[in-house]
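Take a look at the structure below.
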Amino acid sequence: MVMEPEPLDFDSPEGDPVSWEVEAEPWHDPFERRLTHLASGTRLVQRRVPRAAGRDREYLYDLLENEARMGVRLLTRLHRAYPPELTRLAGHSLDEEEPFVLLYDYRGEPVSRCFGKLLINDQRALQASLVRAVRILSACDIVHRRIEPATVRWDDVTVQLTDLSHATLAGSRRLRMGEAPYACPAQRAGEGVASTADDLWSAGMVIYRTVTGREIAEVPDLSGVPALQPIGDVFSGSPPSAQEVLARLRMPDPMQAIAVERDLGLEEGRAAFDRARAARREPAGDEERVAPEPSDVGEGATRVHHVPVSDDQQPPPPWARWLPLAVIVVLLAVLLWVVTR
């Protein structure tokens with residue numbers, strides 16, 4: 001099938017307008033398709049919210065905005081040594097009728113395609129790479145919250161963790177989110193605050209499912225799986241840190257080689273992004289406050305609309321503040337006139 005070139009206008013992560021000519025594959029589902037930038041051959045993934053889906057599920061817009069926000073945050077912190085374990089934001093256009101984000105093309109295949117099929121060396125490499133991804137996110141104060149087979153890919157060398165739409169900042173209040181066995185009990189219950197331990201639990205479950213091929217409902221028994229002993233206590237009440245798990249796997253801490261620092265250009269882009277989002281949420285007409293479904297939206301991404309004020313709650317006119325003073329002045333003038341007669 002011959003693909004016709006089409007224009008694509010969007011904003012870069014720094015907030016600069018970009019116009020590309022691309023070849024676009026058909027939407028393989030309503031939300032996602034692949035593009036090729038004709039000038040460079042760069043492959044991209046375009047993720048959007050279709051009109052019909054957004055009309056029925058407004059919280060999808062918040063998830064898309066959250067993916068862009070977290071993508072810019074990662075670029076801000078990791079721009080000099082961006083790791084292959086994480087998807088990379090290429091741009092976004094969030095004020096369209098069908099808003100979208102652009103990501104550099106995914107690597108590998110969904111990890112579900114190799115359940116129970118990995119060789120011993122690959123099992124170890126998978127563990128180290130996925131824990132490494134969790135460690136890098138934690139260094140950027142991000143908790144992914146949806147690490148599961150659908151969001152983990154494998155290319156026989158490293159994993160790639162996709163979909164940051166549900167991510168949040170470490171220390172944010174937990175929302176009830178996810179399902180067993182991949183979401184930890186505290187996250188499913190919405191108790192406490194989000195932490196790296198949540199992602200380690202989820203990563204451990206993905207590793208177990210991929211290495212053994214077994215389905216489980218709750219906490220797995222790893223006693224008969226020697227290759228998985230390094231992650232044995234990530235399901236406990238006192239889980240280790242990602243650095244500790246990497247040390248057990250005889251892998252260095254990736255943050256020793258990746259400098260987490262600020263990029264001023266990207267910081268300005270992120271500030272412009274937040275300003276644009278705030279402006280879009282300014283009061284408009286007589287819209288009422290709409291709260292997205294809390295189980296599907298990351299903190300910091302909730303739309304807030306104007307709540308109209310009833311007539312009996314309208315603030316007083318500016319001149320009303322001076323009325324008492326005016327009365328006093330008049331009374332003093334009358335008193336002075338009476339005294340001086």
Filter region 218-237 down to residues that are open to solvent by 50 Å² or more (accessible area, probe 1.4 Å) and assigned to a helix (DSSP H, G or I), then give me how many there are.
2
When only residues in region 238-262 that are loosely packed, with under 14 Cβ neighbours inside 10 Å and assigned to a loop (DSSP other than H, G, I, E, B) count, which is modelled with the lowest pLDDT?
262
Filter region 4-35 down to the residues that are open to solvent by less than 70 Å² (accessible area, probe 1.4 Å) and touching a residue at least 24 places away in the same chain (Cβ under 8 Å) and list them by number.
5, 8, 10, 11, 12, 13, 15, 18, 34, 35
For the list (1) within 22 Å of residue 63 (Cβ to Cβ); (2) β-branched (Val, Ile, Thr); (3) surrounded by fewer than 24 Cβ atoms within 10 Å (Cβ to Cβ), I need the number of the one condition that residue 143 fails.
(3)
Enumeration of residues in region 49-93 that are part of a loop (DSSP other than H, G, I, E, B), over 22 Å from residue 132 (Cα atoms), open to solvent by 10 Å² or more (accessible area, probe 1.4 Å) and not acidic (Asp, Glu):
50, 57
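For residue 112, are the conditions met, namely being within 17 Å of residue 159 (Cα to Cα), hydroxyl-bearing (Ser, Thr, Tyr) and surrounded by fewer than 22 Cβ atoms within 10 Å (Cβ to Cβ)? Break it down stepwise before answering.
Numbers: within 17 Å of residue 159 (Cα to Cα): yes; hydroxyl-bearing (Ser, Thr, Tyr): yes; surrounded by fewer than 22 Cβ atoms within 10 Å (Cβ to Cβ): yes.
The answer is yes for residue 112.
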Can you name the residue in region 187-202 that is in contact with a helix residue (DSSP H, G or I) (Cβ under 7 Å, 6 or more places away or on another chain) and either assigned to a helix (DSSP H, G or I) or at pLDDT below 95 (or both) and is also most open to solvent (accessible area, probe 1.4 Å) among such residues?
196
Would you call residue 49 modelled with pLDDT of 95 or more, β-branched (Val, Ile, Thr) and touching a strand residue (DSSP E or B) at 6+ places or on another chain (Cβ under 6 Å)?
no
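Specify which of the listed residues (128, 133, 170, 183) is modelled with pLDDT of 95 or more, at negative phi and open to solvent by 30 Å² or more (accessible area, probe 1.4 Å).
Working: 128 fails: open to solvent by 30 Å² or more (accessible area, probe 1.4 Å); 133 fails: open to solvent by 30 Å² or more (accessible area, probe 1.4 Å); 183 fails: open to solvent by 30 Å² or more (accessible area, probe 1.4 Å).
None of the other options fit; the residue is 170.
The values are calculated or read from the model by the stated rules, or taken from the named source; none is laboratory data. Note that the structure is predicted; figures quoted are calculated from it, not measured. When we count neighbours, we look across all protein chains shown, and the Cβ atoms used for this are built from the backbone with ideal geometry, even at glycine. Protein only, heavy atoms only, side chains kept; ligands, DNA and RNA dropped before computing areas. Shrake-Rupley method; radii C 1.70, N 1.55, O 1.52, S 1.80 Å.
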